[in-house]
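What follows is calculated from the coordinates using simple rules that are stated; it is not laboratory data. Just so we're clear, the structure is a prediction, and the values are computed from it rather than from any experiment. Ideal geometry is used to build each Cβ from the backbone, glycine not excepted, and the neighbour counts take in all protein chains shown.
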Amino acid sequence: MRLFLGFDGGGTKTACVLCDEAGMLLGAGVSGPSNYLYCGKELATASVTEAQNQAFQQAGIPLQRVDTAYMASAAIRLHNGDRHMPFFQTCIDAGHLICESDIYPIWFGGARERPAVVSIAGTGSTTYVCRKEGFVRVGGWGPLLGDEGSGYDIGLQALRLTARMSDGRVGTDQNFVDAILQHFALSDARGMIRALNSGDTRSKVAGVARLVTEAAQAGNRTAMMLLENAAEQVVCAVTAACVQDTGTEPLPLILSGSLLQPGAPIFSLIQRMLPAYTDRISGVEYAAFAPAAAAAALALHSRGLDTAAERLLSQAGGVQI
C-alpha cells in the first residue's frame with residue numbers, strides 16, 4: 001500500500017494528512033509552527049515531525065517512508081519550492097517530496113487550477129491572482145514590513161493600542177484592556193513586555209487576534225475597529241492584485257485562514273467592502289477543504305492518481321484540520 005502525506009505548514013500551526021493510494025483518509029495530526037524562516041529550523045522540524053507522527057498514530061500504522069509528500073508552507077513563495085527542499089528533506093521521509101507555497105492547495109482545492117484570487121490571513125497574510133500561465137502576488141512581506149490583515153498584524157495592533165491606553169495617550173476602553181490582560185494572566189499592562197519576550201513571540205502575538213475576534217463578536221467597539229481595519233487591508237490587497245492581473249474577467253475570491261471563516265466578522269466585512277473597491281470579484285467563498293487535505297490530494301495528483309485525489313477531497317469536505 002503506497003502512502004501519501006499532505007502538510008500545511010504555517011507560522012502558528014502545522015497540519016498533516018495521511019492517505020493511501022486509493023484516496024482514503026487514514027489519519028491527521030496538528031502541531032506547532034513550521035515556517036522556519038521565523039520560528040527557526042529546530043522548532044519547525046519538531047512541529048513537522050510531531051504532525052506526521054500524530055497522523056500515523058491515528059491511522060494505526062507504524063511510521064514509515066511514504067511514496068509522496070506535499071509540503072505547502074508559508075515560508076515558500078509560489079513556484080519557488082526547490083530552494084526550500086533541503087530543509088524539508090531533513091524532516092520528511094518520502095520517495096518524492098514536493099515543496100510549494102501554502103497558496104497552491106487552497107487554489108487547487110477551491111478552483112482545481114482555474115483562474116481565481118486566493119487570500120490567506122493566518123499568522124501572516126498574502127494574496128495571489130492564480131492562473132496556470134502565471135500569477136500576481138500582493139503582500140507576504142513578513143511581520144516587519146507588512147502582513148497587514150493577518151493574525152500577527154491584528155494582535156500587534158491590539159497590543160500597541162493597549163499600551164497607549166495604559167499610558168493615557170488615547171482614551172481607554174477598560175473592557176478591551178482587561179481582556180488583553182486576562183489573556184496573558186497579567187495584572188498590569190507592563191507585564192506584556194515580559195510575556196512576549198519568551199518563547200515563540202510571533203505565535204503569541206498572532207494568538208491575540210482570536211481574542212480580538214471574540215471581543216468584536218461580543219460587541220466591543222475597539223475590537224471591531226481593529227477588524228474593520230484588517231478587512232480593509234485584505235480588500236486593498238485583493239484590489240491591487242486584480243489591477244495587476246492581465247485578465248479582465250470576474251474571478252472568485254477564495255479566502256483561507258481561521259480569521260476569515262464564514263461567520264467570523266472579517267468574512268462579512270470583506271464581502272461588504274469589496275464592491276466599493278473592485279468589480280473583478282464574482283463571489284467570495286471560504287476554502288472548501290482543509291489545506292493539508294488539499295496538499296495530500298496534490299501529492300496524489302502529482303503521481304497521476306486524480307480519481308484518488310477527488311475521493312480524498314470528497315471525504316475531507318468540511319473537515320477542519
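Counted by Cβ distance under 10 Å from PRO252, the other residues give a net charge of 0, where Lys and Arg count +1 and Asp and Glu count -1. Helix 221-244 and the longest principal axis of the C-alpha atoms of the chain enclose an angle of approximately 50°.
Pairing the Cα long axis of helix 291-302 with the longest principal axis of the chain, what angle in degrees results, from 0 to 90 and rounded to the nearest 10? Between helix and principal axis, roughly 30 degrees. Taking 1.567 mPa s as the viscosity and 4 °C as the temperature, the Stokes-Einstein diffusion coefficient of region 157-212 based on its alpha-carbon Kirkwood radius rounds to 114 µm²/s. Sparsely packed loop sites in region 148-203 (the trypsin sites (Lys or Arg not before Pro) outside DSSP H, G, I, E and B with at most 14 other Cβ atoms within 10 Å) comprise ARG169, ARG190.
Around TYR70, with a cut-off of 12 angstrom between Cβ atoms, what is the net charge of the other residues, counting Lys and Arg +1 and Asp and Glu -1? Could the numbers behind the result be given before it?
Working: positive: ARG303; negative: ASP8, ASP67, GLU100, ASP102.
Computed value for this residue: -3.
Taking a ≥ b ≥ c as the square roots of the eigenvalues of the Cα gyration tensor, region 190-321 is oblate, since a/c reaches 1.5 or more and a/b is not larger than b/c. Summing +1 for each Lys or Arg and -1 for each Asp or Glu among the other residues whose beta-carbon sits under 14 angstrom from that of ASP200 gives +3. Over the chain, with a single point scatterer placed on each C-alpha, what log10 of the ratio I(q)/I(0) does the Debye formula yield at q = 0.07, 0.08, 0.15, 0.16 1/Å? Cα-only, vacuum Debye calculation for the chain: -0.28, -0.37, -1.18, -1.29. Between LEU26 and LEU18, CYS19, ASP20, the built amide H atoms are under 5 Å apart, and every one of these is 5 or more places off in sequence or on another chain. Here the Karplus curve 6.51 cos²θ - 1.76 cosθ + 1.60, taken at θ = phi - 60°, turns the phi angles of region 72-83 into couplings of 9, 10, 5, 6, 10, 7, 3, 6, 10, x, 4, 6 Hz, with x standing for Gly and Pro. Bridgeable lysines around LYS41 (alpha carbons under 21 Å apart, same-chain partners fewer than 8 residues away excluded): LYS13, LYS204. The separation of region 292-321 from region 61-101, counted between C-alpha centres, amounts to 16 Å.
In order along region 21-28, the Karplus-derived 3J(HN,Hα) couplings, from 6.51 cos²θ - 1.76 cosθ + 1.60 at θ = phi - 60°, round to 6, 8, x, 7, 6, 9, x, 8 Hz, and Gly and Pro are given as x. Here the Karplus curve 6.51 cos²θ - 1.76 cosθ + 1.60, taken at θ = phi - 60°, turns the phi angles of region 186-191 into couplings of 10, 9, 9, 4, 4, x Hz, with x standing for Gly and Pro. Against the main long axis of the alpha-carbon atoms of the chain, helix 306-316 sits at an angle near 40°. Only DSSP H runs of four or more residues enter the estimate; each adds -39500 (n - 2.57), and after division by the residues of the chain the mean residue ellipticity at 222 nm equals -14000 deg cm²/dmol.
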